Every structure is written in structure tokens, then in C-alpha cells.
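The values are calculated or read from the model by the stated rules, or taken from the named source; none is laboratory data. All values reported here derive from a predicted model rather than from experimental measurement. Reconstructed Cβ throughout: ideal geometry from the backbone, glycine too, with neighbour counts over all protein chains shown. Please note that ligands, DNA and RNA were not included when accessible areas were found on the heavy atoms of the full protein model with its side chains. Shrake-Rupley method; radii C 1.70, N 1.55, O 1.52, S 1.80 Å.
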Amino acid sequence: MNRQELEKYILDTYGVSPEYPWIKYPSFSVFRHESNQKWFAVIMTIDKSKLGIKEDGQIDVVNLKCDANIVPSMWEKVGIFPAYHMNKEHWLTVALDGTATNNLKFLLAVSYDLTYKKYI
């Protein structure tokens, strides 16, 4: 799944449109819950070297919140990295280059659920 496909999937599945909060990074988009304003996905374009990829160029990625108990095991999967610019204990970075497509929808659902505060 690439960036455009993920943005469409989030809109279709969760009814959330991207926000672009940083003037310095106009392509960075944030998806958050309307009820509590918590982020559940952050899409960015970063240098591959930031993820330890030994190639020149940039890559689209998404940061997703994850259960701390499974974060380290997820790093073993292709296309999934310790979180870029977020708490590495609770967040993952997933490449949007097609390598992690099998895990992406699952991880997005986990992130959405973990960041959704249920009100009684």
C-alpha cells in the first residue's frame, strides 16, 4: 500500500481526513480522532537513512501506535522499523513501499483502538 492508498483507506474506513500541521513539512499528514484529538497515524516522507536503510533517497512511511508487548517482535518483519521521531516503546514506523502491506491494516486498526478514549 502506498501513501495515497493508505490515506484513502483511512478516510473510507475511519472517516478521517489528513491534517497538515507543520509549515516546515507540508507533506507530513496527521490523522486523529475527532473526539479526543489523539493521533493514530502520522504519514511522512523521510530520508531512508533515518530508518537505517543503506540507500540514497526518500521513503513514505507511517507511524502507528502499537501495544508495547509486541513492538519488538514487529521490528523483525519486513518494512517495519523502530518509530522515527516517536516513542519507540509504543510506536512503529511502517514503510509505504509495499513491503509491509500484509501487516499495515492490522497495525492501523491497533493504533486506532489504542488511541481512542472511550467515554462512559
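Determine whether the stretch 41-51 contains at least one residue that is under 16 Å from residue 114 (Cα atoms) and modelled with pLDDT of 95 or more. Yes: one or more hits. If the condition is being β-branched (Val, Ile, Thr) and closer than 17 Å to residue 109 by Cβ, then the stretch 46-71 contributes 62, 70, 71. Condition check for residue 36 on (1) in contact with a strand residue (DSSP E or B) (Cβ under 8 Å, 6 or more places away or on another chain); (2) in contact (Cβ under 8 Å) with a residue 40 or more places away in the chain: one failure, at (1). Specify the residue that is farthest from the chain's Cα centre (by Cα); the eligible residues are those in the stretch 3-18 that are assigned to a loop (DSSP other than H, G, I, E, B) and surrounded by 13 or more Cβ atoms within 10 Å (Cβ to Cβ). The qualifying residue farthest from the chain's Cα centre (by Cα) is 16. Among the residues of the stretch 26-43, those that are closer than 18 Å to residue 4 by Cβ and open to solvent by 10 Å² or more (accessible area, probe 1.4 Å) comprise 26, 27, 28.
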